[in-house]
Amino acid sequence: MRKWFRTLLSVCLAVLLLLCALPTAFAAEAGTEENPWKIGAAAADTVTAYIAENMLIIQGSGRMQDFAAVEDRPWNDAADKIEMVSFMDEVTNVGKNAFKGMGQNTKSFSIYPTDTLTVIGDSALEGVRFDEHTALVLSAKIQKIGARAFADTNADCIEFQGHPDVAADAFAGITADAYTVFGSDWTETDKQAFGGKLTYKNMYTFTTEEISDDDSMSGSSVSYIHEGDTYEYRADNSDGYRFDRWKVVSGDVGIEDTENPQISVKLTDNVKVKAYYTHAEENSVQNGTGTISDTDGEAPILRSFIVWIVCGILLLAVIAAAIVCIVRKRKK
């Protein structure tokens, strides 16, 4: 009696250990709210980051680490899908290369900083493509802006609420129509010195006319593109009409595949194109840019539910096997 009881007890304990160990193998993936990336510059800095839908959330206290290259930032694989960066709590700096080049492939991109930021690192937002008519409002608490921190961005306005130490090329290549608002503690000499650090890009127009072969539909739009920027445009189908071809009306631009509704161009002057449509045989489905969905919140719950079901089945199987063994021994 004692022998089979000890055997059954050992088996049950083994299964319980298995139940405790298995859920850890299905822990939430990195970069979620349950398991955020740790990006503090030092052990005392509790800065973390995670992605929720299309938003990157930076939270915690202290300094964010610098990244030697954009490939080193943990969210780099998802950088082309992030449309918003939100700082929370008491983060004090934006790390080097943290958001460099982001916003190029999304419909919109914006950053909401916390009022505790004091340092903008080198190339922290270099080449970022913000929403149209974005103003860079730099709070009075910002003390230092690093090399190329905002270089080649498309901000329309730079507003200094304080007087930080600004690297010579921090705003190199900003848009031609950007203007600067200075804080009350800036002297005329300071303003002139800052203006001498700026370089400008030309801005061009990309005009699109949409027209059907029988002139039964028409429309137009104008986009303002900065020199050197890549501009992507898609001619979507609409009810009753299907995209047919592109035609360049004016401007120095080439469209390699005129039958592809998606085009990607760089402008060196003003450009005008026509998108021709034909009647569709059936009602066409509206084309659209894919949206970003996030199921990270549901996935851990589903995984845990499946794990516990599997573990329960295993436990029942082990107990049944133990009972069978006991019954056989008694028969003998």
(request) Name every residue in segment 117-160 that is modelled with pLDDT of 95 or more, of a type in the set (Val, Ile, Thr) and more than 23 Å from Ala79 (Cβ to Cβ), in order of residue number. (result) Thr118, Ile142
(message) So if I check each of Leu138, Leu125, Leu117, which one is within 21 Å of Gly228 (Cβ to Cβ) and not aromatic (Phe, Trp, Tyr)?
(response) Leu125
(message) Considering only residues that are under 21 Å from Tyr233 (Cβ atoms) and either modelled with pLDDT of 95 or more or surrounded by 15 or more Cβ atoms within 10 Å (Cβ to Cβ) (or both), which ones fall in segment 106-116?
(response) Thr106, Phe109
(request) May I ask you to say which residue of Asp152, Asp156 is assigned by TED's automatic domain parsing to the domain that holds Lys96, out of contact with any strand residue (DSSP E or B) (no Cβ under 6 Å at 6 or more places or on another chain), among the acidic types (Asp, Glu) and crowded, with 19+ Cβ neighbours inside 10 Å? (result) Asp152
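The values are calculated or read from the model by the stated rules, or taken from the named source; none is laboratory data. Please read these numbers as outputs of a predicted model, since none were measured by experiment. We place every Cβ from the backbone using ideal geometry, glycine too, and count neighbours over all the protein chains shown.
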